[in-house]
Amino acid sequence: MITVAEARVAAAKRLRSRTGDWAGLLVSTGTVDEGFALGLKPPTEAQVLADKAAVLTWVGDWRAVDGAHGVVVDWEHRAWSRVGGQTVPVRLRLADPAALAWFAGGEAATAWRSLAERARQLRERFLRGGERDGSGDHDLGDGLAQALRRHRAAIAGLDEAGFAQVLEAAAWLAAHPGGRMRPRQMPLRGVDSKWFARHRSLVSALHTVLTGGRELEILDPEDRVRIRILDAGVVAGQESGSGALGGLRDLASPVDEVARLPLRPRLVLVSENLESMLALPGWDGVVAVHGSGYAVSVLERVEWLRNVPILYWGDLDSHGFAILHRLRTHLPQVTSVLMDEQTLVDHRDLWVREEKPHRGEFDTLTGQEARALARVRAEGDVRLEQERIPWEVALARLEDARTALLP
């Protein structure tokens, strides 16, 4: 016998699995003609005889919910020789998502009602009271439904005011194809660069649908790269010892601007720790780059470092090796320094614990690097921050690595 409680669990599972699709149908068509049915496995005569009280309670529970808020229970007559004729519930039927939500209750019902309301708002705002607006092959209703399904989690995470603001931004951008601009230039109250960074993906998806695929021309903050020119001689057309780039040796600029600098280094040193990069001495032929964590992948766009040896120095922890792997994926000529097992062991007293270690596997690591990572994990996910290594030790190792790589 399926109890009411068990049926509620099954209904909630069904509602969770179909919430996105059903909300999409509400956007595109305005209705959902789909529900839920569940066989209740009614008792046999033997079961009734074994525990009549339990069966009576079960029947009473189903009778209590029958007819409430769209809940339909099908009943059938049983002609039993020893118990006599009895009418028992055999099937639960819920005609639509509203009935399913009422019966299931809990978080699944709350999530459905919230997303259904968002679907209604999308339809009312952009389909002019339910009309379907076609532009060539572009079907606005289906496009909005797809955007809702794809960005369901983001939409569910917004409160009423936040979702209204997203709709307003998407509508304004669709109606004002004014060329490239920054978020700061949008005349919408409460919309700034931080807001736009958080909601760009959803706004962009809605804008694409509303405009039939037009590109959203809101400029993102550029990825910036900080570099130190350790030898002015790497600047094309200048001799070692002369001023670098008009006297500038330490600068941070958008990556595309850095890529256009007239630099011809013989070696690039990427340091994840900014203070370590700033402490580096002058070195012939070398440009130092601040790695900025997982943003190292943007360095692939810097043409002047694509075909030169690269030294990478990061923290001796799982994330340090993950960043090394990411950099090497884009620039395979990377050699690590101070990221070996002996360096880790020699500075045991400086270890701390990683709060959230990276559990990935990195197939670009060398054997020496892989052993160091294995030791990091074997010791309980420890971390040796590169800035904690004594400077004289680090500088000597960096010098040795530089000498080995420079022709």
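The values are calculated or read from the model by the stated rules, or taken from the named source; none is laboratory data. Remember, it's a predicted structure, so these values are computed and weren't measured experimentally. Note: ideal-geometry Cβ built from the backbone for every residue, glycine included; neighbour counts use all protein chains shown.
One table, with the values for the structure above:
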| quantity | calculated |
| --- | --- |
| Per-region count, the range 316-343, residues in contact (Cβ under 8 Å) with a residue 12 or more places away in the chain, surrounded by fewer than 23 Cβ atoms within 10 Å (Cβ to Cβ) and closer than 20 Å to G380 by Cβ | 6 |
| Answer residue from the range 35-91, given it is assigned to a loop (DSSP other than H, G, I, E, B) and among the β-branched types (V, I, T) and is farthest from L15 (Cα to Cα) among those | V83 |
| Any chance R383 is in contact with a Gly (Cβ under 9 Å, 6 or more places away or on another chain) and either at pLDDT below 95 or closer than 18 Å to L311 by Cβ (or both) | no |
| Qualifying positions in the range 282-301 - modelled with pLDDT under 90 and touching a His at 6+ places or on another chain (Cβ under 7 Å) | S297 |
| Pair list, Cβ < 7 Å and 6+ apart or interchain, from the range 42-59 residues that are touching a residue at least 40 places away in the same chain (Cβ under 8 Å) and under 19 Å from S81 (Cβ atoms) to residues that are part of a helix (DSSP H, G or I) and of a type in the set (S, T, Y) | none |
| Which numbered condition E107 fails, given (1) at pLDDT below 90; (2) under 30 Å from D66 (Cβ atoms); (3) among the acidic types (D, E) | (1) |
| Count of residues meeting criterion [in a loop (DSSP other than H, G, I, E, B) and β-branched (V, I, T)] in the range 186-206 | 1 |
| Scan of the range 92-102 for residues that are within 13 Å of A10 (Cα to Cα) and not in a helix (DSSP H, G or I), ordered by number | L92, R93, L94 |
| Residues that are touching a Leu at 6+ places or on another chain (Cβ under 9 Å) and of a type in the set (K, R), drawn from the range 160-193 | R180, R182 |
| Subset of the range 254-309 [assigned to a loop (DSSP other than H, G, I, E, B) and either without any contact (Cβ under 8 Å) to a residue 12 or more places away in the chain or farther than 24 Å from A396 by Cβ (or both)] | R260, L261, P262, R264, S292, V302, R306, N307 |
| Filter result (closer than 21 Å to R214 by Cα and part of a helix (DSSP H, G or I)) within the range 156-182 | Q165, V166, L167, E168, A169, A170, A171, W172, L173, A174, A175 |
| All helices (runs of 4 or more DSSP H) inside the range 310-399 with 2 or more residues being over 24 Å from V268 (Cα atoms) and touching an Asp or Glu at 6+ places or on another chain (Cβ under 8 Å) | 367-378 |
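Conditions tested, residue by residue: (1) surrounded by 15 or more Cβ atoms within 10 Å (Cβ to Cβ); (2) outside the structural domain of D21 (by TED's automatic domain parsing).
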position: G70; (1), (2): yes, no
position: V73; (1), (2): yes, no
position: E76; (1), (2): no, no
position: G84; (1), (2): no, no
position: V88; (1), (2): yes, no
position: R93; (1), (2): no, no
position: P97; (1), (2): yes, no
position: F103; (1), (2): yes, no
position: S114; (1), (2): yes, yes
